[in-house]
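The block underneath contains the structure these notes are about, expressed in structure tokens.
The values are calculated or read from the model by the stated rules, or taken from the named source; none is laboratory data. Predicted model, so just to flag it, every value in this text is computed and none were measured. As a convention, Cβ positions derive from the backbone with ideal geometry for all residues, glycine included, and neighbour counts pool all protein chains shown. For the accessible areas, the whole protein counts, side chains as well, though only heavy atoms, and no ligand, DNA or RNA atoms are used. Shrake-Rupley method; radii C 1.70, N 1.55, O 1.52, S 1.80 Å.
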Amino acid sequence: GESGITFYTEIPQLDKVDIFYCRSSLQYLPNWEETLAEVVDKNKPDLIILEGTETTEMYHTYFTSQCVQFLHMDHGSVLPYCVIGITDLNAFLCGLGYEGKYFPDKYLVESRSWVGSYDEDAEAKSIDIANYSFIYEATKL
């Protein structure tokens, strides 16, 4: 369009991609690794910026659920939700040829996630997750 920004519903193969930017959505993808690998394979962006990504420094990547309540509804919706291990994310993107760093968002959002067993007798554990931003730069593409 006139703004010079184009939005896609599928990952296209473009001539030149300087920056791949993903804001607060990676955790909702069924397979974040597959999506990032496809972006890199098709477009080889110079920079990958992942902003507002729910991560944990304490554990590897795990799936949980997020309950979303809307004001006009009496009930909420439950969404699958991935909390990405920072070690897993760094190792994966390093394998794709990127080096990066992460830093707390300017507006850091800390939240709590309950992880437990389906066994009713098991005690659920509380772990901290945080909303971080990441910048990865291509090293060998």
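Placing a label point 7 Å from the Cα of residue 79 along the Cα-to-Cβ direction, the residues of segment 19-38 whose backbone N falls under 12 Å from that point are 24-30. Looking at segment 1-37, the chymotrypsin sites (Phe, Trp or Tyr not before Pro) that sit in a DSSP loop and have at most 13 other Cβ atoms within 10 Å of their own Cβ are 7, 8. Solvent-accessible surface (1.4 Å probe) assigned to residue 55 amounts to roughly 0 Å².
Computed over segment 1-56, the alpha-carbon pair-distance distribution with 5 angstrom bins reads 4, 16, 27, 29, 15, 7, 2, 0, each value a whole percent.
Residue by residue, segment 80-87 carries 3J(HN,Hα) couplings of x, 8, 9, 9, 8, x, 4, 4 Hz when phi is fed to the Karplus relation 6.51 cos²θ - 1.76 cosθ + 1.60 (θ = phi - 60°); x denotes Gly or Pro.
Each listed q (0.17, 0.24, 0.25 Å⁻¹) maps to a log10 I(q)/I(0) for segment 1-100 from the Debye sum over equal C-alpha point scatterers, namely -0.87, -1.35, -1.42.
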